[in-house]
Amino acid sequence: MKIPDRITVSSRRRFIRQSGALFAAFAFPFRLIEYLKSNPMETHTHFDIIIVGGSYSGLAAGMALGRSLRKVLIIDSNKPCNRQTPYSHNFITQDGKPPAEIAATARQQVEKYDTVHFFSGLATSGSKTSDGFEIGVASGETFHAKKVIFATGIHDIMPDIEGYAECWGISVLHCPYCHGYEVRNEKTGILANGDQGFEFTALISNWTKDLTLFTNGKSTLTKQQAATLAKRNIRVNEDIIDRLEHNNGHLTHIVFKSGTIAPMTALYAHSTFEQHCHIPETLGCEITSEGYIKTDPLQKTSIPGIYACGDNTTKLRTVSNAVAMGTFAGMVANKEMVLEGFK
Ligand SMILES: Cc1cc2nc3c(=O)[nH]c(=O)nc-3n(C[C@H](O)[C@H](O)[C@H](O)COP(=O)(O)OP(=O)(O)OC[C@H]3O[C@@H](n4cnc5c(N)ncnc54)[C@H](O)[C@@H]3O)c2cc1C
């Protein structure tokens, strides 16, 4: 009986059970056949539901489904978007913990449910079958399920500014609610322009008054916006940025193409993004004009049987929201399976 080596943990328990069954089978060969017939899931390829993405949102969905006695496979390539940030904030009970520690605790708790299986790897393909979906992974295996949840997050695209990627999540920040408190009253920049730059600057002025808006080229602020910033002593700098100087991701100063420098502790920026996983699109799931997977309030995508949750569906990008959405997606998917079978 082939046990894929990347299906882990709860599968080990299963393996021990299978070894016992195998031992019994030597004495009672018909028992093995019966055992396998009554346990079609033992092939490790067919599940009630596959969750692609096993970070906060996927694990939350996995917990709801494990607690609903569902046979679940969580496929995860272990690249959560916040992996470079040293500490995660603003999630009650988990405030100030390293992101990986929050995920590890979540995983330990989900592993307790022995109908939940894990596969470490990248899902690379998805297709519709007569009774559900088939998901293929980079190493060649394929898995089948009645339903699929995509909790795959988004991939932040780093601009072509030296030092930016190294500072991302450490001193180049996307969200003041996650990291603003830690750099309150510090010398802070905002890398943005136009309406978005104005609104972002107004928001960040809540955490510090020592603010500069870096438009990285000609300002597209309106006269009114520029006057409002000037009234509040918020500087606007149009110089083109050459690079960010830093110590292990901690920004020290911005260097401009003109040769001037601006000492700086933190820089807020909204990176552009793409979906981390493109399988939902290939399965026909509708994508919004902003680039998110379109879901209804029940986390259902436009394709029946496919759900999405977490960062891949929303601008409201926090661990707590990803967890809430994942829990809900798991509950909704289970309810649909119950009702479909209750005839
Ligand atoms: C730099 C940074 C700092 C942040 N700091 C905070 C903070 O302090 N507090 C806070 O509340 N929020 C913070 N956030 C936001 C928070 O990290 C996200 O909201 C949260 O991680 C979203 O969870 P998720 O499960 O939807 O996606 P992710 O955590 O991004 O996880 C997606 C998972 O899916 C996997 N995956 C993707 N595609 C595939 C595939 N094809 N096959 C298999 N697996 C796949 C990925 O490898 C990854 O493990 C931060 C975000 C960033 C970028």
Tell me whether the range 102-121 contains one or more residues that are in contact (Cβ under 8 Å) with a residue 40 or more places away in the chain, under 17 Å from ASN321 (Cα atoms), more than 8 Å from the ligand (Cβ to nearest atom) and in a loop (DSSP other than H, G, I, E, B). no
Sole exception among (1) assigned by TED's automatic domain parsing to the domain that holds ILE49; (2) under 30 Å from THR208 (Cα atoms); (3) without any contact (Cβ under 8 Å) to a residue 60 or more places away in the chain for GLY259, by number: (1)
Within the set of pairs 6 or more residues apart or between chains, which connect a residue that is more than 12 Å from ASN334 (Cβ to Cβ) inside the range 62-76 to a residue that is of a type in the set (Ser, Thr, Tyr) with Cβ atoms less than 8 Å apart? ASP76/SER55; ASP76/SER120
Would you please name the residue that is farthest from LEU173 (Cα to Cα), looking only at residues in the range 68-83 that are assigned to a loop (DSSP other than H, G, I, E, B) and within 6 Å of the ligand (Cβ to nearest atom)? SER77
Of residues in the range 220-233 being assigned to a loop (DSSP other than H, G, I, E, B) and either in contact (Cβ under 8 Å) with a residue 60 or more places away in the chain or over 34 Å from the mean Cα position of the chain (by Cα) (or both), the one surrounded by the fewest Cβ atoms within 10 Å (Cβ to Cβ): ASN233
Kindly list the number of the only condition in (1) within 11 Å of ALA61 (Cα to Cα); (2) surrounded by fewer than 20 Cβ atoms within 10 Å (Cβ to Cβ); (3) within 16 Å of the ligand (Cβ to nearest atom) that fails for MET331. (3)
Given SER77, SER55, which one is within 18 Å of the chain's Cα centre (by Cα), under 23 Å from GLU274 (Cα atoms) and surrounded by fewer than 23 Cβ atoms within 10 Å (Cβ to Cβ)? SER77
If we keep only residues of the range 293-325 that are aliphatic (A, V, I, L, M) and in a loop (DSSP other than H, G, I, E, B), then the residue farthest from HIS144 (Cα to Cα) is LEU316
Is there a residue in the range 311-327 that is modelled with pLDDT of 95 or more and away from the ligand (no atom under 16 Å from the Cβ)? no
Of these, GLU134, GLU101, GLU186, GLU166, which one is out of contact with any helix residue (DSSP H, G or I) (no Cβ under 7 Å at 6 or more places or on another chain), surrounded by fewer than 17 Cβ atoms within 10 Å (Cβ to Cβ) and not assigned by TED's automatic domain parsing to the domain that holds CYS309? GLU186
The condition of being assigned by TED's automatic domain parsing to the domain that holds ALA60, within 16 Å of the ligand (Cβ to nearest atom) and of a type outside the set (Val, Ile, Thr) holds, among LEU298, LEU283, only for LEU283
Restricting to the range 124-169, count the residues that are among the hydroxyl-bearing types (Ser, Thr, Tyr) and more than 20 Å from the chain's Cα centre (by Cα). 6
Please work out which residue is surrounded by the fewest Cβ atoms within 10 Å (Cβ to Cβ), limiting yourself to the range 262-292 and to residues that are in a loop (DSSP other than H, G, I, E, B) and without any contact (Cβ under 8 Å) to a residue 12 or more places away in the chain. SER289
Given the conditions (1) assigned to a strand (DSSP E or B); (2) without any contact (Cβ under 8 Å) to a residue 60 or more places away in the chain, report the number of the one that GLY126 does not fulfil. (2)
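The values are calculated or read from the model by the stated rules, or taken from the named source; none is laboratory data. It should be emphasised that the depicted structure is a prediction, and the values quoted were computed from it without experimental measurement. With ideal geometry, Cβ positions are generated from the backbone for all residues, glycine too; neighbour counts draw on all protein chains shown.
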